[in-house]
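What follows is a set of notes on a single structure, which appears directly below.
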Amino acid sequence: MFCLETYLKESDDYLIHMSRSGFKDCAEFIEKNSKEVIHVKAGTKIVGARIIGIPPIPIGIDIEKSQIMIPYTKPCYGTAVVEVPVDLVEIKKIKDAAIP
């Protein structure tokens with residue numbers, strides 16, 4: 001099982017596109033810079049982390065690269081846009097959590 005917190009601590013294979021930003025700015029970045037965007041409810045668990053923010057929350061998906069782009073909020077640090085590699089099974093789980 002993929003855990004975002006552990007992954008960010010133990011790997012260098014991710015990109016942070018924005019950090020210490022507001023949620024709205026991060027959501028707009030994901031909307032504009034993702035090949036595919038789905039939306040989830042606040043509190044949805046994505047790659048082991050509960051995604052918090054102003055719903056609906058955008059999740060960027062790039063199936064070709066097998067990567068997702070998510071807004072990741074840490075109290076006292078603000079919101080960041082993090083792009084991480086995930087397998088296709090995880091992408092399917094994320095798509096299944098999408099708001100219709």
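The values are calculated or read from the model by the stated rules, or taken from the named source; none is laboratory data. Note that the structure is predicted; figures quoted are calculated from it, not measured. Methodologically, a virtual Cβ is constructed for each residue, glycine included, from the backbone with ideal geometry; neighbour enumeration extends over all protein chains shown.
Scan segment 40-55 for residues that are out of contact with any Phe, Trp or Tyr (no Cβ under 8 Å at 6 or more places or on another chain) and buried (at least 17 other Cβ atoms within 10 Å of the Cβ) and the total you get is 4.
If you check 35, 93, which single one turns out to be in contact with a strand residue (DSSP E or B) (Cβ under 8 Å, 6 or more places away or on another chain) and among the basic types (Lys, Arg)? Step through it out loud before you land on a result.
Details: 93 fails: in contact with a strand residue (DSSP E or B) (Cβ under 8 Å, 6 or more places away or on another chain).
After ruling out the rest, the residue left standing is 35.
Residue-by-condition table, conditions (1) assigned to a helix (DSSP H, G or I); (2) without any contact (Cβ under 8 Å) to a residue 24 or more places away in the chain; (3) under 15 Å from residue 19 (Cβ atoms); (4) among the basic types (Lys, Arg):
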{"site": "72", "(1), (2), (3), (4)": "no, no, yes, no"}
{"site": "76", "(1), (2), (3), (4)": "no, yes, yes, no"}
{"site": "84", "(1), (2), (3), (4)": "no, no, yes, no"}
{"site": "92", "(1), (2), (3), (4)": "yes, yes, no, yes"}
{"site": "99", "(1), (2), (3), (4)": "no, no, no, no"}
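If the condition is being within 11 Å of the chain's Cα centre (by Cα), part of a helix (DSSP H, G or I) and at pLDDT 90 or above, then segment 1-53 contributes 26, 27, 30.
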